[in-house]
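Undergrad: Below is one structure. I have some questions about it.
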Protein chains: 2
Amino acid sequence: MRKLRHQKRDNSASNRGQMAVVAILTAARDVLVEEGYPRLTMRNVATRAGITVGNLSYYYANKRDLMHDLVEAVLQGYFEDFEKITDNLEISPEERFEEMVRFIIGDLATKETTGFFPALWALANHDAFAAQEMAHIYQMERDSLAKVIGQLRPDLGKKERDLLALFISASMEGHTMFVGYRRDKASAIAEVTNIAVYSFLTLVKSIEARSIRGLKPVGKSAGKRLAS
Amino acid sequence: MRKLRHQKRDNSASNRGQMAVVAILTAARDVLVEEGYPRLTMRNVATRAGITVGNLSYYYANKRDLMHDLVEAVLQGYFEDFEKITDNLEISPEERFEEMVRFIIGDLATKETTGFFPALWALANHDAFAAQEMAHIYQMERDSLAKVIGQLRPDLGKKERDLLALFISASMEGHTMFVGYRRDKASAIAEVTNIAVYSFLTLVKSIEARSIRGLKPVGKSAGKRLAS
DNA sequence: CGCAATCTAGGACGATCGTCCTATATCAGG
DNA sequence: CCTGATATAGGACGATCGTCCTAGATTGCG
């Protein structure tokens with residue numbers, strides 16, 4: 001977890017210390033969400049947490065460790081959410097699938113998610129740890145989806161189920177920038193969610209393996225150029 | 001366009017000056033794509049463009065103007081691409097729709113797009129200009145899609161066509177983080193593209209207006225919390 | 001109470017940032 | 001060829017960054 005500078009042992013983690021760490025991580029998340037990554041500085045985090053830079057450096061000796069814990073803490077919340085939905089066996093697979101879709105799209109419209117995840121995606125392009133944590137959480141999301149897809153389509157092989165889960169998961173994430181918190185099309189979230197449920201359910205129930213393998217090649221792009 | 005400090009008039013735009021601006025914007029894009037937004041500094045841009053900071057500030061008096069032109073220049077390229085595809089009347093609407101899907105997913109897998117767009121999305125959360133430019137380019141993408149959707153489904157109203165275009169466009173963008181350049185699932189891009197073509201085409205051809213309006217409420221999320 | 005562990009504030013440091021200024025160098029038109 | 005417009009280099013400036021150090025306050029426990 002946290003890396004103290006003056007550490008003798010870290011296992012103690014006193015009450016005061018634990019609360020301070022939570023306050024720091026919450027402050028860091030809020031700075032990132034409300035002001036963006038460039039303004040996620042040690043001083044801004046400390047100020048929002050109500051402490052000084054010197055004190056912050058007692059809990060986090062460097063910014064990298066702070067980012068480390070921040071990413072882990074935020075993503076940890078989703079692990080618990082996915083487990084809850086996946087383990088809900090009181091409803092049919094179809095209902096469970098719909099609930100997953102509605103949960104994910106509903107979540108991505110929150111201020112925290114709309115602010116945090118695009119920053120995470122950008123970070124993952126150049127930060128190996130962020131990329132790894134991101135891959136981890138999405139793998140879990142896909143596993144949850146693939147499980148339900150398997151119940152809906154027992155005839156499909158694992159590879160096909162995983163590809164469907166990948167397509168559906170990726171598709172949902174894309175809506176963050178459009179129906180997310182205060183984004184252009186936020187007012188259309190209800191309709192978009194309905195289309196998503198209909199579309200993904202139709203896809204899962206109707207697709208055949210041969211449509212996945214396909215015959216046509218991937219469209220080639222010339223790659224974006226600047227100012228023609 | 002560019003805002004010189006010593007400007008008497010900007011209309012001239014000599015050959016040397018134009019080439020310098022292109023070199024600067026290309027350098028800026030490359031820095032952003034390869035090193036990320038935090039390292040997009042005036043000095044890094046200048047170095048990559050083969051000039052000095054002092055010289056860079058002759059062409060761009062401040063960083064804001066440089067970012068302005070960079071975003072505009074990159075997005076301008078897509079305007080031209082969309083026009084080409086939309087205006088291609090030699091193929092059927094269904095083929096045109098498929099071409100659009102394959103073009104967009106193919107493009108998002110390029111190094112430039114995978115690097116640039118997540119940075120743009122994150123920026124748009126806290127930069128009004130980036131948000132506006134982003135809204136502009138995606139509106140055009142949706143217009144192109146909605147046009148073809150209208151040819152595929154003349155019975156649908158404009159509102160429904162726009163919502164379908166929104167859903168499809170947003171869904172495709174989401175794949176950037178998964179099948180994009182050097183991303184986890186890049187090797188699955190062919191299969192994912194096939195699923196996308198199948199799924200979007202099935203959606204457009206089969207959905208009824210009542211499935212969009214829907215009856216069920218949007219899934220509520222408790223909002224992400226930190227460290228339970 | 002007393003003392004060691006824990007926590008906190010404040011300031012310093014070198015590095016890097018955006019911006020700005022000035023002195024030359026290069027170019028194009030008369 | 002000369003002269004004004006354009007382009008370029010080099011360095012300076014104050015601000016802000018991550019990091020570090022030290023002295024003192026607070027806490028929990030024997």
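The values are calculated or read from the model by the stated rules, or taken from the named source; none is laboratory data. Model, not experiment: these values are computed from the prediction. With ideal geometry, Cβ positions are generated from the backbone for all residues, glycine too; neighbour counts draw on all protein chains shown.
Undergrad: Kindly provide the set of residues from the range B:105-161 that are in contact with a Pro (Cβ under 6 Å, 6 or more places away or on another chain) and hydrophobic (A, V, I, L, M, F, W, C), ordered by number.
TA: The answer is B:Trp121, B:Ala122, B:Val148, B:Leu152.
Results for (1) within 11 Å of DNA strand D (Cβ to nearest atom); (2) buried (at least 20 other Cβ atoms within 10 Å of the Cβ); (3) farther than 30 Å from A:Gly150 by Cβ, shown as yes or no for each residue.
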position	(1), (2), (3)
A:Ala20	no, no, yes
A:Ile24	no, yes, yes
A:Ala28	yes, yes, yes
A:Arg43	yes, no, yes
A:Gly50	no, no, yes
A:Asn88	no, no, no
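Undergrad: Follow-up. Mind listing whichever residues of the range A:63-110 are among the β-branched types (Val, Ile, Thr) and free of Cβ contacts under 8 Å to residues at least 60 places away in the same chain? Show your work before the answer.
TA: Within the range A:63-110, the first condition is being among the β-branched types (Val, Ile, Thr), and the residues that meet it are A:71, A:74, A:85-86, A:91, A:101, A:104-105, A:110.
Correct list: A:Val74, A:Ile85, A:Ile91.
Undergrad: Restricting to the range A:58-104, what's the tally of residues that are in contact with a helix residue (DSSP H, G or I) (Cβ under 7 Å, 6 or more places away or on another chain), within 16 Å of DNA strand C (Cβ to nearest atom) and either under 23 Å from A:Ile189 (Cα atoms) or assigned to a helix (DSSP H, G or I) (or both)?
TA: Selection size over the range A:58-104: 4.
Undergrad: Test A:Leu56 against the criterion of being at pLDDT 95 or above and within 20 Å of the chain's Cα centre (by Cα), and give yes or no. If you could, list the steps in order and put the result at the bottom.
TA: Numbers: at pLDDT 95 or above: yes; within 20 Å of the chain's Cα centre (by Cα): no.
It is false that A:Leu56 is at pLDDT 95 or above and within 20 Å of the chain's Cα centre (by Cα).
Undergrad: Answer yes or no: is there a residue in the range A:176-190 that is in a helix (DSSP H, G or I), among the polar types (S, T, N, Q) and crowded, with 18+ Cβ neighbours inside 10 Å. Can you show your working first?
TA: Kept after step one, since they are in a helix (DSSP H, G or I), are these residues of the range A:176-190: A:176-179, A:186-190.
Within this subset, residues satisfying the condition of being among the polar types (S, T, N, Q) are A:176, A:187.
Still in the running and crowded, with 18+ Cβ neighbours inside 10 Å: A:176.
There is at least one residue in the range A:176-190 that is in a helix (DSSP H, G or I), among the polar types (S, T, N, Q) and crowded, with 18+ Cβ neighbours inside 10 Å.
Undergrad: Right, here's the next one. Determine which single condition B:Met42 fails, assuming it passes every other condition in (1) away from chain A (no Cβ under 13 Å); (2) within 24 Å of the chain's Cα centre (by Cα); (3) more than 9 Å from DNA strand C (Cβ to nearest atom); (4) not β-branched (Val, Ile, Thr).
TA: (3)
Undergrad: For B:His126, work out the one condition from (1) within 16 Å of DNA strand D (Cβ to nearest atom); (2) over 20 Å from the mean Cα position of the chain (by Cα); (3) in the same structural domain as B:Asp184 (by TED's automatic domain parsing); (4) not β-branched (Val, Ile, Thr) it doesn't fulfil.
TA: All conditions are met except number (2).
Undergrad: To continue, here is another question. Under 12 Å from the mean Cα position of the chain (by Cα), surrounded by fewer than 23 Cβ atoms within 10 Å (Cβ to Cβ), assigned to a helix (DSSP H, G or I) and within 10 Å of chain A (Cβ to nearest Cβ), is that true of B:Asp107?
TA: Details: under 12 Å from the mean Cα position of the chain (by Cα): yes; surrounded by fewer than 23 Cβ atoms within 10 Å (Cβ to Cβ): no; assigned to a helix (DSSP H, G or I): yes; within 10 Å of chain A (Cβ to nearest Cβ): yes.
In short, no.
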